[in-house]
Structures are given as structure tokens and as C-alpha cells.
Amino acid sequence: MMKKTFAAVCALCSIPFVASADITVSLPDSFTEDSLAYYHAPLKKLATATSRADRGVVNDKAVVKDHKAIIPVSSAEGGSRYGITFSKQDFIDLYVAPGEVVDINVKSLSPFDYSMTGTALIESMNEVKLLSKPIEEKQAALMAAGQPSEEQMRALYNEYVDSIKDFINENLTSPNVVYAVMNLPGDEFIEAFDRLSEGAKTSILYPIAQRQYNDLQKRKEQERKQAEMAEGNTPAPDFTLEDVAGKHVSLSQFKGKWVILDFWGSWCIWCIKGFPELKEAYAKYKDRLEVVGVDCGETKDAWLAGVKKYELPWVNVYNPEGSDLTQKYGVQGFPTKAIIDPQGIIRNITTGHDPEFFVKLDQLMAQ
């Protein structure tokens, strides 16, 4: 019996030690909290989520002991995104696959400074972040010499983009190049994404980049559609949605009157800031104009509470999840307001809180 036990122990000793998969965060003496706040979410869910609730974000805290915090790595297939929060301005984002080990050394809280090691992807992230260093130094020099011009700032940004493009060209077949591609803007991102090799597509970041690509293509189509609508000869797409009383309301029932469609959400600060001016316009023209507030991106209860809280006196309808109404109107941001004439033609469409919208409204109503 003793021999068997001894043999079993020896067998266990022969198994190589495997470090636990975790993120170790080393903290400076100035960090005095007893825990470290962080979140994690599966990359696959982030890539496919159609609402905030679908993202699978889990908020948690790691105990701080001897100026270290240990964050366990999720076993979610395809990896997870982690966000470690120190303040509203200071945080760390990283992407980790199951079984990986990462070390983060927070060198200073003010100014915030840290380094990360542990995986090939993190090394690639480090290289991309280093590309911004000379740009930041040049920007600091310009700021020290006075207020830099828009042309100077644009030139610096273009220099940064060019440095990322050079990095991508040198690492085109590596899976870790996807992070660099995700840092490119607009058409540059689309062009680089289209060139990714099959090897690059094995990156845990590829599904996130794919979503970014799809969203950007959709945004470009929205821009095209909205520009077409702004020409002033596009019939307004009709719709039927429920109002606060559950009654069906169709846009077509307002033919013969001017209509303002206001795409908004109670979560949108600039939507709310625009309500006083919209109320003034409504009071001024209500004999000839109707405002239809179209909720976007929230629960029905939150929408009803928002209508009540902000005392919106016009027609308000709920736009449920899965509706394609914002796509039909080329909505790219909130608020978006569309002016529709009595014949049902879109005469103006404006994204954001822009006082010029009401100038245009006055001009149209004076016709």
C-alpha cells in the first residue's frame, strides 16, 4: 500500500505545473482601495449583440492584497474583453483568450501609466500604442508654441494613420494585426480589413473587427440615403407604430400638414437639450404642423417614463427592437429630425442638436 501511494505521488510530481489563467494587476502605493473594479464580456456576444442587454457584460471587483489584484480569465469560447477602471478618464482595455496569463503593471495613477505583457496579441497592442508616442510629442510641442491650427492637427493625425498602415503592411498575415486595423478610420479601415489574410482571420478580435466593418458599411449606406433625402424630393417612408395609449399611429394620417419626425431617446442628452426649442416651434406652428416623437433604443417603460418626465405635448410613438425605421430614414445619430411637407416629401433631415434646424423650419413654414 505504501509503495502504491508513493508511486502515485511521484506520478503527480511528474505532471508539469500549469499557471492558473488570470490577469495579475500590480498597483502603485498610491492606490489605496481594497478592491479593483473591472468588467468582462465574451467577444462573441459583443460581436453579435443587438442590444446592450445582449452584450453579456459582467461587472465585478478583484480583491487587492499586497498591492496586487488577481482577475480570473473567463473560459468563454473565443475570448473576452476586459475593462479595468481607475477613473472616468483612466482605464485599461484588453482582450484575453481562455488559458492565457497576463501581467499588468500600473506604474503611476497620476499621470496614469501602465504596461502589459503576456500574450502575442498584447505585444502587438503595445507596438500599436507606441506608434502614437512621437505624434503625442509633436502635438505637445505645437501646444507649447501656441494654439495649433486645424491643418497642423490634421497633418499629425494623418501621420499617425500612415504609421498604422505601415505597421499593417509589415504584419499583414499575423492574427495580431487585426487590432491595428481596428484603429484605422473609415475608408482606411475598410480597405485594410478587406486585405486581411486567412491567418489574420483566426484572431480572437476578428469577429469584433467584422462587426466594425459591417457597422461602417451600414453607416456609409445611411449617409448616402440621408444625403439623397436632403435633396428635398424623397417621399417619407410610411410607418405604423403604437402611441402611449397603445393606439396605432401612421405617418400617412398626417398628410396635409407639416410634420417633424423627432428620433430620440431618454438616454440621449442632446435629444433632451433640444426639447425646449422643439416645444416653442410646436406651439408656434401647431395649427399647421404635427410633431411625432419616435423612441429609439430603450425599453417601453423607459420611453413612457421619458415622455411623462419631459412633458412632451405632441404625438409619441414607440419604435420596438427589430424595427427598420431608423434605417429607412438613414438615421446615423441622435437626435435626428426630419421635416416632411404636407405632400409627404422630406424637405430637411438633420442629425444632432443643431439650431440651424429651426432656422430651416421657419423658412419652410414661411413658403
### Query
Can you name the number of the only condition in (1) of a type in the set (S, T, N, Q); (2) in contact with a strand residue (DSSP E or B) (Cβ under 8 Å, 6 or more places away or on another chain); (3) in contact (Cβ under 8 Å) with a residue 60 or more places away in the chain that SER250 fails?
(3)
#### Entry: Every pair of residues 6+ apart whose Cβ atoms lie under 6 Å, when the first sits in region 101-117 and is at pLDDT 95 or above while the second is open to solvent by 70 Å² or more (accessible area, probe 1.4 Å) and not in a strand (DSSP E or B)
LEU109/SER30
### Query
Hey, LYS257 hits all of (1) open to solvent by 30 Å² or more (accessible area, probe 1.4 Å); (2) farther than 15 Å from GLY333 by Cβ; (3) out of contact with any strand residue (DSSP E or B) (no Cβ under 6 Å at 6 or more places or on another chain) but one; which does it fall short on?
(3)
### Summary
LYS88 passes all but one of the listed conditions (1) open to solvent by 50 Å² or more (accessible area, probe 1.4 Å); (2) in a loop (DSSP other than H, G, I, E, B); (3) within 23 Å of ILE208 (Cβ to Cβ); the exception is number (3)
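Yes/no per residue for (1) within 15 Å of ASP295 (Cα to Cα); (2) among the basic types (Lys, Arg); (3) open to solvent by less than 80 Å² (accessible area, probe 1.4 Å):
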residue	(1), (2), (3)
THR202	no, no, no
GLN210	no, no, yes
ASN233	no, no, no
CYS268	yes, no, yes
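Any idea which of ASP103, ASP93, ASP54, ASP113 is out of contact with any strand residue (DSSP E or B) (no Cβ under 6 Å at 6 or more places or on another chain) and not in a loop (DSSP other than H, G, I, E, B)? Break it down stepwise before answering.
Values: ASP103 fails: out of contact with any strand residue (DSSP E or B) (no Cβ under 6 Å at 6 or more places or on another chain); ASP93 fails: out of contact with any strand residue (DSSP E or B) (no Cβ under 6 Å at 6 or more places or on another chain); ASP113 fails: out of contact with any strand residue (DSSP E or B) (no Cβ under 6 Å at 6 or more places or on another chain).
ASP54 is the lone residue from the list that is out of contact with any strand residue (DSSP E or B) (no Cβ under 6 Å at 6 or more places or on another chain) and not in a loop (DSSP other than H, G, I, E, B).
The values are calculated or read from the model by the stated rules, or taken from the named source; none is laboratory data. Bear in mind the structure is a predicted one, so any value in this text is a computation, not a measurement. Glycine gets a Cβ as well: all are built from the backbone with ideal geometry, and neighbour counts include every protein chain shown. Just the protein is used for accessible areas: all its heavy atoms, side chains included, with ligands, DNA and RNA removed. Shrake-Rupley method; radii C 1.70, N 1.55, O 1.52, S 1.80 Å.
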